[in-house]
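Notes for the one structure printed next.
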Amino acid sequence: MPSFNLAQRRDVRSLENWLDGNGYSGSLIKNTVKTMLLLLITFLLLLPVVVCNLASTLSIRIIVVIASTIFYLLVISQLTRSKTTELVLAGAT
């Protein structure tokens, strides 16, 4: 199994210089990531609404709501640095 050493300061500096030289700024990357995360969260919140509208029985709708809530919380917990109380709040709303 390969193991990696911690990055040296010169390696970090070289990467920063490469990013600066290619026109990528930290704020551009952060804004792009935030936009992508916002689109993903919007999709995850609206998809169950569409599926529930297509479902004909109550039991299927309940299963869709439960499964989508669990999946949503899993995605949020992996993509953000959320605390447990924040995840509980997100699941309750």
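The values are calculated or read from the model by the stated rules, or taken from the named source; none is laboratory data. What you see is a predicted model, and the numbers here were worked out from it, not measured in a lab. Quick reminder, even Gly has a Cβ in these numbers, built from the backbone with ideal geometry, and neighbours come from all protein chains shown.
All told, residue 3 meets the bar of being more than 19 Å from the chain's Cα centre (by Cα) and not in a helix (DSSP H, G or I). Residue check: is residue 59 surrounded by 11 or more Cβ atoms within 10 Å (Cβ to Cβ) and not in a loop (DSSP other than H, G, I, E, B)? It is false that residue 59 is surrounded by 11 or more Cβ atoms within 10 Å (Cβ to Cβ) and not in a loop (DSSP other than H, G, I, E, B). The set of residues in the stretch 1-42 being polar (S, T, N, Q), surrounded by 11 or more Cβ atoms within 10 Å (Cβ to Cβ) and either in contact with an Asp or Glu (Cβ under 6 Å, 6 or more places away or on another chain) or modelled with pLDDT of 85 or more (or both) consists of 31, 32. With respect to (1) in contact with a Ser or Thr (Cβ under 9 Å, 6 or more places away or on another chain); (2) modelled with pLDDT of 90 or more; (3) under 30 Å from residue 16 (Cβ atoms), the lone exception for residue 47 is condition (3). Give 39, 79, 28 a once-over and let me know the one that is in contact (Cβ under 8 Å) with a residue 40 or more places away in the chain and within 30 Å of residue 15 (Cα to Cα). Testing whether each residue is in contact (Cβ under 8 Å) with a residue 40 or more places away in the chain and within 30 Å of residue 15 (Cα to Cα) leaves just 79. For the stretch 64-93, the tally of residues that are outside any helix (DSSP H, G or I) and over 18 Å from residue 37 (Cα atoms) stands at 1.
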